[in-house]
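A quick write-up on the structure given underneath.
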Amino acid sequence: MFDQNMRILVVDDFSTMRRIVKNVLKQIGYSNIDEAEDGADALNKLRSRRYDFVVSDWNMPNLDGLEMLKQIRSDEQLKGLPVLMVTAEAEKEKVVTAIRAGVNNYIVKPFTAETLKQKMEQIYERLSK
Amino acid sequence: MPDEMDEIIHDFIVESDEILESLDEKFVELEKDRTDQQLLNEIFRDVHTIKGAAGFLGFNQMVELTHATENILKKLKEGQIPVTPEITDLILESVDYMKRLLEHIREKDGQEEDLTDILARLKEIDGQESESISASGHEDTDTKKIGTILEEDGKVNSEDVEVALKVQEVARDSIETESPPRIGEILTATGKVSEDDVKEALRKQGKSAEPEHKPQKEQTIRVDVERLDDVLNLVGELVLGRNRLLKISSNLEARYPDDPEINALNETMAFLNLITTDLQIAVMRTRMQQVKKVFNKFPRMVRDLARSRDKDVELLITGEETEVDKSVIENIADPLVHIIRNAIDHGIETREERKEQGKPETGSIRLSASQEGNNILIEVEDDGRGIDHELIKRKGVEKGLISPAQAEVLSKEEVLELLFMPGFSTAAEVTDISGRGVGMDVVKTNIGKLKGSIEIKTERGKGTRFLIRLPLTLAIIQTLMVEVNSEVYAIPLSSVVETVRFPESEIRTVNHQEVIQLRGEVLPLVRLGELFGYGGRNGSSTSYIVVVDEGKKKFGIIVDRLRGQEEVVIKAIEGDLISTEHIELIAGATITGEGRVVLIIDIAMVMDTLAKGELLNA
């Protein structure tokens, strides 16, 4: 599994959601967490220091989650960064778009700590294959 | 982690509240331009955001309602159903339910709202159009799909795209690590299109998927209001201490004029004085908020009211970025609601009436805020029928507020004053809009509490204008210290016009009211000593008169002595420290530079006492 100390960036325009996601991450043992309020803010942060994992909302002003993901994948420095996308409901078309753009996994909100852990384990397993 | 959860729920309430407030305004905006795609996207995202967080927090009713609303918003933004006033009404109604649900969450009352009706109506609209949507197929909200573009270009048909999508799905399910083949790749591989066609389509896709750019958010942090209030209180104490120190150091300087230590002390005092003033201003600014916070709720209110009264009313807002103290923001909303309701209910005429009078069918209400020296000026102006002075007089007599004889001699301004008297309401019938048992008297009292004043200007057939003047901040004011019967009182300097000295012999009594003639103007007088029960006259042959101005009406206050100007910090008086007979005349208390507790006189209330006396005596 991922190192419990890895640095995680939580991206969401709604600060309550950021807190909720942080809270859930803490429940499964991750506490090294930063926040960004939209895709543009996240890219700035990602380019200014090292992060090991991104949990991002989809629908955000300025730069949405999908565009951010595309830019991460086309950035030499960032392209290997694991990204977990949070979507509101299982909208299949959206998920397809995200997978095509190179998302590592997606999670439907509301989710439990257990589901989040499971998704992160899946990502870890695929990456370490 | 119960505390953590409490905090998250608190955040949720604050943030959702802001979003819901902003939605009202966004919808009014949307009705002006029903095709504003960016605005529709924003509205969708707002509701979507609340839904997401509510889901985590287990607010199921909120999830259900936001979900149903979101479905309709999705169709609006994708142009599947048009933005009509009916749909806007319905969504706004649903937003109102969301506010109520949020209120239950805030109150932790565990209550639920009955959402059956609203959900059914939302679902009805949602269902109506669903057939036409399924025909339009896999439409992506953000980016046009390659398949769609190729289809539009006539390179492939919809069946080809469907097949390719299925292929892709299967491929994704079976391949774990590799990204699944792209639609373009599948279509080229199966020989449906050429590589060039795909490249062209990709170029078009890039164009239509340009991200929208919005200005960066401001750098702000949220601070609990209590903390700001604490800081303000501490600064208030600091100002009091500074005032005392200033007094002491100036006394010392007078006593030891050549002492170098005293000179150094004075220099330091001057510096401390400057810094304290700056700090005071800086702290007050942290409590300042844009009046936008209050004004924001009016577009929605005006829209709803106008619709329910079947009138066309346009609300024009200017100066919403003007900043005022938080307490002003909190207390000015109700008076403004009342004035605006009145304007729509009584001021603006029906379409037919307006047409007959050659006015545009759409009535307009102008709401503006601006800074005027140390005051802020809030104006509400309508272009309606204006106030009927004769009608007001008749009502006043009917309600027993004035006698028919008094009605005859009242000036136009005095007639308007009647509007603010308790028990006065011109609404012939009690409507659900204006007649809520609250009259203009409450408006005046609320504004009075803010140390503000209200003035009405009206012209028959042209419209009515309310001018509300409020101090920028309430906590620290300049006062004139006066003395009566060896007690010191403070009069807010903002009300003081001038001070004059008059021989007692020139004071006349007209209709049981003492007056003087000041430069040809008759000035009613009130003896401060009498007001506070010390007895009126001190036996000296000359009087000091403080001429004050309250809402364009001038009167004089007779005092024993003038002591000078001082900046004071108003402290509210709690409990029954003063006899109830006089408490309404007192705006608060303060501590002077000499360490003395001084009561601050509420000029508006003194004016009211005087006015009552006048009417009784007339």
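Read the figures in this text as sums done on the coordinates, not as results from a lab. Predicted, not measured: the structure shown is a model, and the values here were computed from it. Here the Cβ positions follow ideal geometry from the backbone for every residue, glycine too, while neighbour counts run over all protein chains shown.
Please give every one of the lysines within straight-line cross-link reach of A:Lys109, meaning a C-alpha to C-alpha distance under 16 Å, and leave out same-chain neighbours fewer than 8 residues apart.
Result set, ordered by chain and number: A:Lys22, A:Lys92, A:Lys94, A:Lys117, A:Lys119, B:Lys51.
For segment B:320-403, which trypsin sites (Lys or Arg not before Pro) are both in a DSSP coil and crowded by at most 15 other Cβ atoms within 10 Å? Walk me through the numbers before you get to the answer.
Numbers: sites: B:Lys326, B:Arg341, B:Arg351, B:Arg354, B:Lys355, B:Arg366, B:Arg385, B:Lys393, B:Arg394, B:Lys395, B:Lys399; in loops: B:Arg385, B:Lys399.
Loop-located and lightly packed - B:Lys399.
Grab the Cα-Cα distance for B:Lys297 and B:Arg203, subtract it from 0.36 nm times how many residues apart they are, and report the gain in nm with one decimal. The partial results should precede the final answer.
Details: separation 94, 0.36 × 94 = 33.84 nm, distance 4.40 nm.
Contour length minus Cα-Cα distance gives 29.4 nm.
Can you compute the modelled spin-label distance between B:Ser370 and B:Val597, with each label point 7 Å from Cα toward Cβ, in nm?
About 4.4 nm separates the two model spin labels.
Determine, from the Cβ-Cβ distance of B:Thr116 and B:Thr362 and an R0 of 45 Å, the FRET efficiency 1/(1 + (r/R0)^6), rounded to the nearest 0.05. Intermediate results must be reported in sequence, preceding the final value.
Details: r = 37 Å, r/R0 = 0.82.
For B:Thr116 and B:Thr362, the calculated efficiency is 0.75.
Once the Cβ-Cβ distance between A:Tyr124 and B:Leu316 is put in as r, and R0 is 56 Å, what FRET efficiency do you end up with, to the nearest 0.05? Mind showing how you got there, number by number?
Details: r = 58 Å, r/R0 = 1.04.
Step by step, r from the Cβ atoms, then E = 0.45.
Would you mind working out the magnitude of the charge dipole of segment B:213-346 relative to its Cα centre, with +1 at each Lys and Arg C-beta and -1 at each Asp and Glu C-beta, to the nearest 20 Debye?
Working: 20 positive and 23 negative charges, 155 e Å.
Roughly 740 debye for segment B:213-346.
For a quick check of your reading of the filter: which chymotrypsin sites (Phe, Trp or Tyr not before Pro) in segment A:17-116 sit in a DSSP loop and have no more than 13 other Cβ atoms within 10 Å? Walk me through the numbers before you get to the answer.
Details: sites: A:Tyr30, A:Tyr51, A:Phe53, A:Trp58, A:Tyr106, A:Phe111; in loops: A:Tyr30, A:Tyr51, A:Trp58, A:Phe111.
Counting only loop positions with at most 13 other Cβ atoms within 10 Å, none of the chymotrypsin sites (Phe, Trp or Tyr not before Pro) in segment A:17-116 qualifies.
Would segment A:1-70 count as rounded, prolate or oblate if I go by the C-alpha gyration tensor, calling it rounded below 1.5 in a/c and otherwise prolate when a/b exceeds b/c, oblate otherwise? Don't jump to the answer; show the numbers that get you there.
Working: a/c = 2.14, a/b = 1.39, b/c = 1.54.
The shape class here is oblate.
Quick one: putting +1 on the C-beta of Lys and Arg, -1 on the C-beta of Asp and Glu, what dipole do you get for segment A:1-65 around its Cα centre, in Debye to the nearest 20?
Details: 9 positive and 11 negative charges, 67 e Å.
About 320 debye.
For segment B:243-331, rounded, prolate or oblate, judged on the Cα gyration tensor with a ≥ b ≥ c (square roots of eigenvalues), a/c < 1.5 rounded, else prolate if a/b > b/c?
Judged from the Cα gyration tensor, segment B:243-331 comes out prolate (a/c at least 1.5, a/b above b/c).
With each label point set 7 Å from Cα along the Cα-Cβ vector, what nm distance links B:Glu103 and B:Ile275?
It works out to 4.8 nm between the two label points.
If you count, for every residue in A:65-78, the Cβ atoms of partner chains within 10 Å of its Cβ, what is the mean?
Details: counts 1, 5, 5, 1, 0, 2, 1, 0, 1, 0, 0, 0, 0, 0.
Mean number of neighbouring Cβ atoms from other chains: 1.
Projected onto the charge dipole of segment A:1-107 (+1 at Lys/Arg Cβ, -1 at Asp/Glu Cβ, origin at the Cα centre), which of A:Ala42, A:Gln4, A:Val95 gives the Cα projection farthest towards the positive end?
Farthest along the dipole direction, towards plus: A:Gln4.
Pulled fully out, how much extra length does the chain show between B:Gln80 and B:Val397, if you take 0.36 nm times their separation in residues and subtract their Cα-Cα distance? Intermediate values should be presented prior to the final figure.
Working: separation 317, 0.36 × 317 = 114.12 nm, distance 5.96 nm.
Stretched out fully, the B:Gln80 to B:Val397 stretch lengthens by 108.2 nm.
What's the magnitude of the charge dipole for the protein assembly as shown around its Cα centre, counting Lys and Arg as +1 and Asp and Glu as -1 at the beta-carbon? Answer in Debye, nearest 20.
Values: 98 positive and 141 negative charges, 227 e Å.
Approximately 1100 debye in magnitude.
Trypsin sites (Lys or Arg not before Pro), restricted to segment B:439-504: which are DSSP loop and have at most 12 other Cβ atoms within 10 Å? Intermediate values should be presented prior to the final figure.
Working: sites: B:Lys444, B:Lys449, B:Lys451, B:Lys457, B:Arg460, B:Lys462, B:Arg465, B:Arg469, B:Arg501; in loops: B:Lys451, B:Arg460, B:Lys462.
Answer in residue order: B:Arg460.
B:Glu7 to A:Arg49: FRET efficiency via 1/(1 + (r/R0)^6), r the Cβ-Cβ distance, R0 25 Å, to the nearest 0.05? Don't jump to the answer; show the numbers that get you there.
Values: r = 27 Å, r/R0 = 1.08.
Computed FRET efficiency for B:Glu7 and A:Arg49: 0.40.
Tell me the net charge near A:Asp52. Cut-off is 12 Å between Cβ atoms, A:Asp52 excluded, with +1 for each Lys or Arg and -1 for each Asp or Glu. Numbers along the way, then the final one.
Working: positive: A:Arg7, A:Arg49, A:Arg50; negative: A:Asp3, A:Asp34.
That works out to +1.
Please name which of B:Val302, B:Ile329, B:Gly319 has its Cα lying farthest along the dipole of segment B:288-335 towards the positive end, using unit charges on Cβ (Lys, Arg +1; Asp, Glu -1) and the Cα centre as origin.
About the Cα centre, the residue reaching furthest to the positive side is B:Val302.
Hey, if you put +1 on the Cβ of every Lys and Arg and -1 on every Asp and Glu Cβ in the protein assembly as shown, which of A:Leu63, A:Gly80, B:Ser495 ends up farthest toward the positive end of that dipole?
B:Ser495
What is the local net charge at B:Glu566, summed over the other residues whose Cβ is closer than 15 Å to its Cβ (Lys, Arg +1; Asp, Glu -1)?
+4
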